[in-house]
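The values are calculated or read from the model by the stated rules, or taken from the named source; none is laboratory data. Predicted, not measured: the structure shown is a model, and the values here were computed from it. In this analysis, Cβ positions are derived from the backbone assuming ideal geometry, glycine residues included, and neighbour counts consider all displayed protein chains.
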Amino acid sequence: MDQVNLEVFSAATRRHRVAIAVDDLVEGLKRWELWSTLGWNDIRQRYRRSFIGPFWITLSMGMMVAGLAYLYAGLFGQNIQTYLPYVATGIIIFGLIQTMFNDGANVFISASSHILQLKAPLSVYIYQMVWRNLLTFFHNITIYVVVVLFTEVHLGWNLVLAALGMLLVMLSGVSIAMMLGTLSARFRDVPPIVASLLQVAFFMTPVFWLPNAIPGRQSFIDLNPFYYLLEIVRMPLLGQTPPLSAWLVTIGLNVVGFVVGLLFFARYRERVAYWV
């Protein structure tokens with residue numbers, strides 16, 4: 001009987017923690033003025049006294065796009081008119097994913113001073129991180145706009161699908177931050193491990209190389225979650241419609257990631273303030 005009571009109590013405790021974590025996410029979302037201001041201030045502080053500000057990132061990324069497109073268009077025998085938009089969108093979108101996942105692993109560590117001084121839901125710092133990276137993405141997307149002006153890309157209603165894809169990418173950033181941000185607060189080895197894995201993922205994902213350029217390596221694509229996050233945004237920006245399978249896999253990854261992240265966040269949320 002005591003064992004049964006203990007199991008019931010443990011289940012009730014888990015449900016209570018999950019409910020508190022959900023309340024944290026909802027309450028943090030309501031404080032959009034706080035996290036949007038913090039995210040904007042992050043960018044202003046990083047580039048203060050700079051003449052072109054965050055466009056330094058855009059400038060360096062633009063040079064990278066031009067260099068890779070020129071080099072690999074010759075190696076792969078591609079038409080620069082179609083290959084340049086492919087490389088540009090790939091680097092811009094994967095850059096967003098890579099930075100957001102890296103920042104997600106450091107989300108509570110970098111916000112330690114605010115966590116210790118400001119009484120606010122922890123999710124505020126997750127939304128702040130996502131918003132900051134979204135602002136940077138809006139700066140970098142100007143590269144894509146310039147490329148489209150000089151190439152043949154027919155967009156149409158696919159831009160709506162690109163917005164939906166971006167929403168799924170942002171949700172994945174929230175899930176990763178809940179899990180890796182909490183884990184990194186306890187174990188400081190996690191952020192450099194994540195950074196190293198993302199560097200490998202950049203080359204394993206068809207960011208600047210074409211899927212059909214490496215025959216016999218289809219598993220690099222089929223089993224690569226970054227490929228689906230990339231393609232549901234890149235294909236619409238190139239005037240293409242992503243297949244239904246890409247949407248289903250991405251939605252499935254988001255659902256699983258959010259559930260795992262929420263359970264992890266619920267279990268250790270109260271300890272974050274002590275770990276940072």
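Can you say whether residue 156 is part of a helix (DSSP H, G or I), in contact (Cβ under 8 Å) with a residue 40 or more places away in the chain and among the small types (Gly, Ala, Ser), as far as the supplied structure shows?
no
Of the residues that sit in region 72-109 and are under 17 Å from the mean Cα position of the chain (by Cα), of a type in the set (S, T, N, Q) and assigned to a helix (DSSP H, G or I), which one is nearest to residue 200 (Cα to Cα)?
98
Can you name every residue in region 110-128 that is assigned to a helix (DSSP H, G or I), farther than 28 Å from residue 230 by Cα and touching a residue at least 60 places away in the same chain (Cβ under 8 Å)?
If the condition is that a residue be assigned to a helix (DSSP H, G or I), farther than 28 Å from residue 230 by Cα and touching a residue at least 60 places away in the same chain (Cβ under 8 Å), then 112, 114, 115, 116 are the ones that fit.
When you look at residue 12, is it loosely packed, with under 12 Cβ neighbours inside 10 Å and modelled with pLDDT of 85 or more, yes or no?
Judged against the criteria, residue 12 is not a match.
Which count do you get for residues in region 200-236 that are out of contact with any Ser or Thr (no Cβ under 7 Å at 6 or more places or on another chain), surrounded by 12 or more Cβ atoms within 10 Å (Cβ to Cβ) and polar (S, T, N, Q)?
Qualifying residue count, region 200-236: 1.
Here are some residues: 164, 149, 171. Which one is in a helix (DSSP H, G or I) and under 13 Å from the mean Cα position of the chain (by Cα)?
The unique qualifying residue is 171.
Is it true that residue 239 is more than 15 Å from the chain's Cα centre (by Cα), on the phi > 0 side of the Ramachandran plot and surrounded by fewer than 18 Cβ atoms within 10 Å (Cβ to Cβ)?
Yes; evaluated as a whole, the condition is true for this residue.
Which one is nearest to residue 248 (Cα to Cα), of the residues in region 200-236 that are in a helix (DSSP H, G or I) and without any contact (Cβ under 8 Å) to a residue 12 or more places away in the chain?
The selected residue is 222.
I'd like the full set of residues that are under 15 Å from residue 81 (Cβ atoms) and either surrounded by 17 or more Cβ atoms within 10 Å (Cβ to Cβ) or in contact with an Asp or Glu (Cβ under 9 Å, 6 or more places away or on another chain) (or both), limited to region 152-163.
153
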